[in-house]
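Here's the structure we're looking at; comments come further down.
The values are calculated or read from the model by the stated rules, or taken from the named source; none is laboratory data. Only a predicted model underlies this, so the values are computations on that prediction, with no experimental measurement involved. Every residue, glycine as well, gets a Cβ built from its backbone with ideal geometry; the counts of neighbours run over all protein chains shown. With ligands, DNA and RNA removed, areas are computed over all heavy atoms of the protein, side chains included. Shrake-Rupley method; radii C 1.70, N 1.55, O 1.52, S 1.80 Å.
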Amino acid sequence: MKNKFFMTLLIVLALTVSCSKEETTVFHDYDKNWLVVEDDTDDASTHARYLFYKETGIPVFANDTLGSQQRTDVFGKEYTYYEKLSMSYSLGGIQSGAPPLVQSFSYCNKADVGDALTFLREEIIPMLPKGVHIPSILLVENMTSNAFGSYAFKGFNTVVIAQVSKIRNMDAVTRANYKGAILRAILTNTILDSRFDNLLDKFYAVSRKYVPDRDAYSLYIYSLNTYVKGLPAGVPITTQAIGYLATDPRNAYYTPMSTWMDVCMYLEAVVVNTEAQFKQKYGDNQRIMDKYMIMRQILAQIELKTQ
């Protein structure tokens, strides 16, 4: 028995010593913060982005590839890792419809970066409520997306802003639309925060009230006559009649497929239009005006200055 005991003890000690001698893999700088702008006084564009970063805390990039590192995989083989900005978009929950994404884009000219930074500094930053987090901004020239047009797009860790070369010569109407798209992209997560759940439930209920037998969202437009009930006498059954500004931008045959898409569409419309302009367009539609006033309540609570 004693011999068995000593043999077992020796085996345990041997295993302990063996494990202690195993090499430990050290991942040097794998947790690097890539969302910073390093200065380069020899490059006017980079230096301007650096000064903007130091002033606002917002890193602005003109390339979606932020850098690279030599890394070692679990098998000990070295490879080059590239850190890239993510232009995918998801707010979680059950996905309805095609996920919003940037389908294509082209890099902007470095010479146009200054105009973009001036626009952001003078027309966007002063409007932002305190505490709004912008992980980064990616400036591009042309962009197409399947959900949010060609001006601005909210990605996972960046806000993509396009049409940079055209900023200088935009007329007042285009400039207002451009500004509205950028603010929508920046403020989406803030508006959808859980602290506004009660107001947002009221917002969604305006449209859902008239579709009692199924959800009013992602409703095929040619089935509106079947499902929509309770509209005031004489009001034609349309997408706008039940409180939507338009059909889903990803598929014109459906009402907004997600509640957050409805919110995004209203958010952009509210910041683009003055109250008088919005009323001129939709003042005769009580359902749209009800949702408009709820959106203004939310924007007032985050202290965004609406027109």
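A few remarks follow.
- Checklist (1) touching a Phe, Trp or Tyr at 6+ places or on another chain (Cβ under 8 Å); (2) open to solvent by less than 70 Å² (accessible area, probe 1.4 Å); (3) at pLDDT 95 or above; (4) polar (S, T, N, Q) applied to residue 301, failing item: (2)
- Hey, residue 258 open to solvent by 20 Å² or more (accessible area, probe 1.4 Å), of a type in the set (Gly, Ala, Ser) and under 22 Å from the mean Cα position of the chain (by Cα) or not: no
- Scanning the range 67-89 for residues that are open to solvent by less than 40 Å² (accessible area, probe 1.4 Å) and not hydroxyl-bearing (Ser, Thr, Tyr) yields 67, 69, 71, 83, 85, 87.
- Conditions (1) open to solvent by less than 70 Å² (accessible area, probe 1.4 Å); (2) within 19 Å of residue 285 (Cα to Cα); (3) over 21 Å from the mean Cα position of the chain (by Cα): number failed by residue 252: (2)
- Residues within the range 209-231 that are closer than 11 Å to residue 287 by Cα and either open to solvent by 80 Å² or more (accessible area, probe 1.4 Å) or in contact (Cβ under 8 Å) with a residue 24 or more places away in the chain (or both), tallied: 2
- Meets criteria (under 26 Å from the mean Cα position of the chain (by Cα) and open to solvent by less than 10 Å² (accessible area, probe 1.4 Å)) for residue 245: no
- Counting the residues of the range 113-139 that are small (Gly, Ala, Ser), surrounded by 20 or more Cβ atoms within 10 Å (Cβ to Cβ) and under 22 Å from residue 169 (Cα atoms) gives 1.
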